[in-house]
Every structure is written in structure tokens, then in C-alpha cells.
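J.: Just passing along the structure, written as C-alpha cells.
The values are calculated or read from the model by the stated rules, or taken from the named source; none is laboratory data. Everything numeric here is computed off the predicted structure, so don't read it as measured data. Cβ coordinates were reconstructed from backbone atoms using ideal geometry, including for glycine residues, and neighbour counts include every protein chain displayed. Accessible surface areas use protein heavy atoms only, side chains included; no ligands, DNA or RNA. Shrake-Rupley method; radii C 1.70, N 1.55, O 1.52, S 1.80 Å.
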Amino acid sequence: MTSEAAVSSSPAISKSPAKVDYYWLRSFVAGGVAGCCAKTTIAPLDRVKILLQAQNPHYKHLGVFSTLKAVPQKEGYLGLYKGNGAMMVRIFPYGAIQFMAFDNYKKLLSKQIGISGHIHRLVAGSMAGMTAVICTYPLDVVRARLAFQVTGDHHYTGIINAFQTIYLKEGGVRGFYRGLTPTLIGMAPYAGFSFFTYGTLKSLGLKHFPERLGRPSSDNPDVLVLKPHVNLLCGGVAGAVAQTISYPLDVARRRMQLGAVLPDSEICVSLRKTLTYVYNKFGIKNGLYRGLSLNYIRCVPSQAVAFTTYEFMKQVLHLN
């Protein structure tokens, strides 16, 4: 068997041009596909979460499951996927940047800065999440605005109209970054603990129970990967842990993103003011953690599918 070192050194003595690897592009595609699969799986739950978080007047008197029933009755079954087109436009680059950045930040922290062990997953995950947010935030704002709309009460006719309206009526480019601060603050613990929990569970599982939980990678038999059902379980646990820690910040982010759509938008202008307002007006259970039960239901399959799909795509695209 030819070693990796021998293969990498061969271009130096060969007259033929070196073959371009495109590792970064394959990593980008793997992350994008993983993100799209994950979000499509839980798109109806994601829309209901936005409706409940921001106290939409058409559904604010309902709970999670009653809202899931009410949306198809009022808006048709496609109403459950309202805003999902904008989500797909956003989530492919978001997932791609996040997973690719995580791999690169992890290598950077480990090799150049000397941070290793489990802690480098936490730091790399936080940095990757914030990088992806900054790059794709305007798309997230537009997606939230479209998902908040109810049939018969539209502010925007589509993605392009939403971009135009926000730019013209809400301060130009600044309008697309409303709520960025709480998003970044919330993303740091969410992405950090998500990658940290998944990576730790994966490494511990393969270390202590390799035969029961692992199998050889299809593209590289020397690399051990988790079995699909174990991957799903680890990803689900990672999502649940991350959401519990960061949920109040997610509520504040959504209210700030919706901006002029909400009647109390002039109050929700900063992270502190938004959290204080939501707490004083609605409390902890019905305000800061409103919709959390739905988030548990949605984040477990979402993160499970994301991590499992990414691991699968890594094998398909020969990234191991």
C-alpha cells in the first residue's frame, strides 16, 4: 500500500503537473448539504418557533402543537414551509462555512496556538458559528421576516421584495444586521457546546467502545467513524445541550430581527433592553423560554441530521 507521504512527495520528482485537490471546496459542499438536509427536516417546526417567539397576533394564544394544527388550517400545508426558500438560500453557505471553518479553526488552535484536548472543540465551534453568522446574517433576517408573515397579512411579497423594503425603509445595510449582537453572543455558546458535545461523545465512544459504536470509514478503512444510529444520537444530544444554554438569547435575536414588523420594535433595540422587556412583560416560561419545548423537538433531529449528513458527505467526498 502506498503511503500518504509517498504520494504527496511524488509531484516533486514527476514531470506531470500536480493534481488539484479542491479539499476546501469538497468540505464546503459537505457542510452545505448537511445544513440543507437538517433544516428541511424541521422546517415546519422552525416556522412555528418564530411565530411563538415573537408573539404573532394570529397565533400568540396557542401552544406548540395547536399552532402546528392551526397553520395548515389558516394558510394551507405549504404555510408550514413559509420562509423555507430563503432559509435554503441562507443555510447552504451557512452550513458550508460553519463546518469548513470548524475544521480549520480546530487545526489552527491545535497546531499553531497549542490548544488541544476537548477545549479546542468548544473554542473552534464558537468561532466557526460566529464566522458563519456574520457571513450569512442578512439572509437570516429576510428569512425570519418571511416566516413571521401570515396569509392575508403580508409586508413582503418575496425574498427580493424583502431585501428591497428593508434596505429602503430601515436604514440601508444596517437594517440587515439588526439583532446581530445577540445572535453572535447566542451563537458562541450554541455552536461551541454543539460541536464540543458531539465531538466529545464521538471521541469517547470510539475510544472506549470502538467495536460496538464504530465502523471503518467507507473512503478510508484506517479511519474509524460512528455507526449512523450512534451518530444521530450524539448529534441529537449535542443539539439539546446547546439549545438549553443559548435559548433566551435566541428569543431576543428574533425579536430584534423582526424589527418594524412588531408593534414594540422601538423597545427592542439592544440585547439588554430586549431581554429585560421580554422578562418583565412575559416572564421566564412564557417569554424568555417560550417555545423551548418546540425547540427541543426541532433541535434534536436537526443537529442529529446535520452531523450525520456531514459525516456521510465526508466519506462520499473523500475528506477522511
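J.: Determine the sum of side-chain charges near residue 263: Lys and Arg each +1, Asp and Glu each -1, restricted to other residues whose C-beta is under 14 angstrom from that of residue 263.
T.: 0
J.: Further question on the same structure: Can you check what the Kirkwood hydrodynamic radius comes to for the chain, Cα pairs only, in Å to one decimal?
T.: About 20.9 Å for the chain.
J.: Here's another thing I want to ask about it. Taking 0.36 nm per residue of sequence separation and subtracting the Cα-Cα distance, how much length would be gained by fully extending the chain between residue 318 and residue 173, in nm to one decimal?
T.: Stretched fully, the residue 318-residue 173 segment lengthens by 48.3 nm.
J.: While we're here: Extension gain residue 155-residue 206, at 0.36 nm per residue separation less the Cα-Cα distance, in nm?
T.: 13.3 nm
J.: Only Cα pairs under 8 Å and at least 6 apart count here; give the relative contact order of the stretch 32-105 as a rounded whole percent.
T.: Computed value for the stretch 32-105: 50 percent relative contact order.
J.: Ok, one more. Between beta-carbons, use under 13 Å as the cut-off and find the net charge around residue 138, counting Lys and Arg +1, Asp and Glu -1.
T.: Summing Lys/Arg as +1 and Asp/Glu as -1 gives +3.
J.: Taking R0 as 45 Å, what FRET efficiency do you get between residue 164 and residue 60 from their Cβ-Cβ distance, rounded to the nearest 0.05?
T.: FRET efficiency, residue 164 to residue 60: 0.95.
J.: Let me ask something additional. Average the reciprocal distances over every distinct pair of alpha-carbons in the stretch 228-320, invert the result, and give the Kirkwood radius in Å.
T.: Over the stretch 228-320, the inverse of the mean reciprocal pair distance is 15.0 Å.
J.: Considering Cα pairs under 8 angstrom that are at least six residues apart, work out the relative contact order of the stretch 153-289 and quote it in whole percent.
T.: With pairs under 8 Å counted, the relative contact order is 25 percent.
J.: Going by a ≥ b ≥ c, the root eigenvalues of the Cα gyration tensor, does the stretch 53-113 fall in the rounded group (a/c under 1.5), the prolate group (a/b larger than b/c) or the oblate group?
T.: Prolate is the answer for the stretch 53-113, as a/c is 1.5 or above and a/b outweighs b/c.
J.: Students sometimes get this wrong: rank 270, 302 by accessible area, probe 1.4 Å, all chains present, largest first.
T.: Accessible-area ranking of 270, 302, largest first: 270, 302.
J.: Continuing with the same structure: Mind giving me the nanometre distance, one decimal, between the label points for residue 244 and residue 218, set 7 Å out from Cα along Cα→Cβ?
T.: Modelled inter-label distance: 3.4 nm.
J.: Here is a follow-up. What relative contact order, as a whole-number percentage, does the stretch 216-320 give when Cα pairs under 8 Å and 6 or more residues apart are counted?
T.: 43 percent
J.: Would you grab the residues whose amide H sits under 5 Å from the one on residue 225? Only those 5+ places off in sequence or on another chain, please, with H modelled 1.01 Å from N.
T.: Residues meeting the criterion, in which the H sits 1.01 Å from N, are 215, 217.
J.: Another question, then. Give the distance, in whole Å, between the Cα centre of the stretch 61-138 and the Cα centre of the stretch 266-302.
T.: If we compute the Cα centre of each part, the gap is 18 Å.
J.: Here's something else I'd like to know. Roughly what % of Cα-Cα distances in the stretch 70-210 sit above 21 Å, to the whole percent?
T.: 55 percent
J.: Then there is this: Rounded to the nearest 0.05, what FRET efficiency do residue 270 and residue 23 give with R0 = 51 Å and r taken as the Cβ-Cβ distance? Could you check?
T.: 0.80
J.: Let me ask you something else. Report the FRET efficiency, 1/(1 + (r/R0)^6), for residue 260 and residue 296, where r is their Cβ-Cβ distance and R0 is 45 Å, rounded to 0.05.
T.: Result of the calculation: an efficiency of 0.90.
J.: For the peptides 312-319, 27-34, what is the packing order when you average, over each peptide's residues, the other Cβ atoms within 10 Å and list the highest mean first?
T.: The most tightly packed comes first, giving 27-34, 312-319.
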